[in-house]
Amino acid sequence: MVERDVAAPIGAEQLLRELGIELPSPPTPLGAYVEAVRSGDLVFLSGMLPVVDGKPKFVGRVGGELNLEEGRRAAAIACLNGLSVARAFLGSLDRVSAVAKLGVYIATDGDFREHAKVADGASELLQNIFGTEKLSPRIVLGVASLPLGVPIEVELVVEVRNL
Amino acid sequence: MVERDVAAPIGAEQLLRELGIELPSPPTPLGAYVEAVRSGDLVFLSGMLPVVDGKPKFVGRVGGELNLEEGRRAAAIACLNGLSVARAFLGSLDRVSAVAKLGVYIATDGDFREHAKVADGASELLQNIFGTEKLSPRIVLGVASLPLGVPIEVELVVEVRNL
Amino acid sequence: MVERDVAAPIGAEQLLRELGIELPSPPTPLGAYVEAVRSGDLVFLSGMLPVVDGKPKFVGRVGGELNLEEGRRAAAIACLNGLSVARAFLGSLDRVSAVAKLGVYIATDGDFREHAKVADGASELLQNIFGTEKLSPRIVLGVASLPLGVPIEVELVVEVRNL
């Protein structure tokens, strides 16, 4: 067990290492846009998809072709891609002082009800990496379709701390 | 009739009292997120649902199981929940200097057309409380489904004035 | 060919003129909201529709009644309306220092996959006017329906440079 200096909270990069999570390479834009732009202390990220090595890891709708657990995993993968973009943009996730917005958009049929459980696939990942004191507000919508036919798109707006 | 000091505009809290509107308790998050986060002068709120005492007040789609008027009422209730969160977070709605974003997301079928009228259920409430000079920009979408099966989700980003 | 001072980059207004693009009049709100609000250095715009002279230029879903090319044109028209609002609000598009968010919301059926190509109708317009160095992050969703039955809604958040 590692002894910790109580005055120095554990950073996101150290938590990632302790969790054994290796971030993927940042995704490549699908069109004439960039993955992140900074304005003031906010970094706005593009919509992140559950893409691994440039290919959709899941295709279909949650509650249709895909079940709840697959939706949760897709939300986590999309969120990891967002963290990868944030790290590439900022140099280190330790510079993220808050998550100002988490949007989780879920391709569903009209009678789907379990949005919150699916979105927690992204929220719990953020909680594990940034800690409970940096929990984000969250917008969750069931949408008709998403790029490449994926079940999940994640939107992140993060606040930067100047180190 | 109350005499008013022209130099001191009526605040949102006084307008709420004059309208006889009592805000509900702030809703409880449905997962690993919080209802509001401040970054700089902006407060980002989570998506607000038409929930009363923890239960959905309406379930279904606008233009389907629910009519236009029910959609408008659902939008107003979701917006009241957002105001309740903003007050709990800021201490007083008088500290809201602007509404930077109002998103109204409406569960609909593909042939629905009356989004603007439904969204006005939220916009007119904000207008009554913050005044015409603080009208917000607005994003309105018809979505496939929403958490708990509710017909409306409201997104608010408000700007804080330091009193 | 015009000789250019390398030290003085071409502004958006000059690029618009060189492209022969004349911006339309800003659209009129469909309800109790305004087209733009500034908070700090950010200007939040309302959702922009592919409306010309107050009438929808396209009605229907992309991949249904409308094809990909019509979707792209609708995205460009909605984006032009946004630029018109930004110019009216700021006095000149040369004051836009960054596009912090581009949202492109596309009315589609569940099996639509070509969201990125449609959204590029808006992104390529922004690239032509603001230059490659100001490319925006982008959120693209397939939604169930949009106000007035249009196929596209565009959301813009722009950063203002104080001249």
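Just so you know, all these numbers are worked out from the coordinates, no wet-lab data involved. Bear in mind that the values here come from a model prediction, so they are computed numbers and not experimental data. Cβ: placed from backbone, ideal geometry, glycine included. Neighbour counts: every protein chain shown.
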In deg cm²/dmol, rounded to 500, what helix-only [θ] at 222 nm does the protein assembly as shown give when every DSSP H run of at least 4 residues adds -39500 (n - 2.57) and the total is split over its residues? -9500 deg cm²/dmol
Roughly how crowded by other chains is peptide B:126-139, in terms of the mean Cβ count from those chains within 10 Å of each of its Cβ atoms? 4
Once both labels are modelled 7 Å past Cα along the beta-carbon direction, what's the A:GLU22-B:ILE10 spacing in nm? 6.4 nm
Aspartates and glutamates with Cα under 16 Å of A:LYS57, excluding same-chain neighbours fewer than 8 positions away: A:GLU65, A:GLU69, A:GLU70, A:GLU153
Whole-Å distance, taken between Cα centres, linking segment C:19-59 and segment B:32-56: 27 Å
Positive-end residue of B:VAL62, B:LEU148, C:GLY121, charge dipole of the protein assembly as shown with Cβ unit charges: C:GLY121
Where nothing but the Cβ of Lys and Arg (+1) and of Asp and Glu (-1) is charged, how large is the charge dipole of chain A around its Cα centre, in debye to the nearest 20? 220 debye
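Counting Lys and Arg as +1 and Asp and Glu as -1, each charge on the Cβ, what is the dipole of segment C:106-163 about the Cα centre in debye, to the nearest 20? Show your work: numbers first, answer last.
On the way: 5 positive and 9 negative charges, 36 e Å.
For segment C:106-163, the charge dipole is close to 180 debye.
How high is the FRET efficiency from B:GLU69 to A:SER92, r the C-beta distance, R0 56 Å, rounded to 0.05?
On the way: r = 52 Å, r/R0 = 0.93.
Calculated transfer efficiency: 0.60.
Students often check this: by mean Cβ neighbours within 10 Å, which of A:150-157, B:136-143, C:69-76, C:35-42 ranks highest, and how do the rest follow? Write out the running numbers ahead of the final one.
Details: A:150-157: 27.6, B:136-143: 26.1, C:69-76: 22.8, C:35-42: 19.4.
Per-residue mean Cβ counts within 10 Å order the peptides as A:150-157, B:136-143, C:69-76, C:35-42.
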For label points placed 7 Å from Cα toward Cβ, what is the shortest-first list of nm distances from A:ILE10 to its copies? 5.4, 5.4
Calculate how many DSSP beta bridges within the protein assembly as shown are antiparallel, expressed in % of all such bridges and rounded to the nearest 5. 70 percent
Among rounded, prolate and oblate, which fits the protein assembly as shown when a ≥ b ≥ c are the square roots of the eigenvalues of its C-alpha gyration tensor, a/c under 1.5 means rounded, and a/b larger than b/c means prolate? rounded
Relative contact order of segment C:36-160, please, whole-number percent, based on alpha carbon pairs below 8 angstrom and at least 6 residues apart. 41 percent
Unit Cα scatterers, Debye sum, segment C:109-158: log10 I(q)/I(0) for q = 0.17, 0.23, 0.30 Å⁻¹: -0.59, -0.96, -1.30
